[in-house]
Every structure is written in structure tokens, then in C-alpha cells.
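Take a look at the structure below.
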């Protein structure tokens, strides 16, 4: 398994920073195309939820972990909120509430687990890597 982790401030600018870090890492790992695009969208949705719902002051940072293993790419975001996320049914005119439905649609599988260190939880999503991707 190969992985990277970042800790970002709890704030709206961190989502863009996380996406930039992800793009750079995926370039280094030679992961591109649809997998890279979907990974970026998954990370954007998970970061948005973390920024919106994580507690402060305990939630001053949001953890991001990207891992490549067994033909999968895992995107994980940890925050200081214990509540397990549930996909919602958004009405056509709702401006929010579609994030986890998007995660559910794009990911090979996704879930939630206790945060590795500290208060809260981590929400993760996995994508399958094409067979030609190096391990």
C-alpha cells in the first residue's frame, strides 16, 4: 500500500487546497483520466461535508488520506463530527443535500469509520484502478 496524508485547516479554502494536493499526488502516481476526475469530485464532496458539519474548536483540522492498494484508490476525509453521514433525497430545487448521493454513484464502495486519531469519524470512498496502473 502507498498512501499520503494531509491535515488542513477547517475552512472553505481547504477544499480547493485538498483538490490541488490530490491532483499533484495522482500525477506522481500516474493516475489520470476518469479515475482522477472522479477522485477529485469525491474529495470535493467529502471535504464540503466535513467543512459544513465538523465541530469546532475540536474540529480545527480536517484530515485527508489518499491510498493506493490492491487495484483501488481510496479517498478519505476525517473530521470531528461523530454523526454517520447518510445520503439524502434532495428536491430538484434544493441547493444542498446531493453530496453523498454523488459519492454513492461514483464510488466502487464507500463508508464511514471512527477517526484514527482523536474525536470524530472518517468517511472514505474507493475507486477501482485500471489494470495497467502500477501498484
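The values are calculated or read from the model by the stated rules, or taken from the named source; none is laboratory data. Only a predicted model underlies this, so the values are computations on that prediction, with no experimental measurement involved. Glycine gets a Cβ as well: all are built from the backbone with ideal geometry, and neighbour counts include every protein chain shown.
How many of the residues making up segment 9-31 are surrounded by fewer than 12 Cβ atoms within 10 Å (Cβ to Cβ), modelled with pLDDT of 95 or more and either in contact with a strand residue (DSSP E or B) (Cβ under 7 Å, 6 or more places away or on another chain) or not in a helix (DSSP H, G or I) (or both)?
Final tally of qualifying residues: 1.
Given the residues 74, 52, 65, which is the only one that is under 15 Å from residue 123 (Cα atoms) and out of contact with any strand residue (DSSP E or B) (no Cβ under 9 Å at 6 or more places or on another chain)?
Of the residues listed, the single one that is under 15 Å from residue 123 (Cα atoms) and out of contact with any strand residue (DSSP E or B) (no Cβ under 9 Å at 6 or more places or on another chain) is 52.
Just one of 105, 92 is out of contact with any strand residue (DSSP E or B) (no Cβ under 8 Å at 6 or more places or on another chain) and modelled with pLDDT of 70 or more; which is it?
Matching residue, one of 105, 92: 105.
Report the residue count in segment 114-129 for those that are exposed (fewer than 14 other Cβ atoms within 10 Å of the Cβ) and at pLDDT below 85.
Counting residues in segment 114-129 that are exposed (fewer than 14 other Cβ atoms within 10 Å of the Cβ) and at pLDDT below 85 gives 3.
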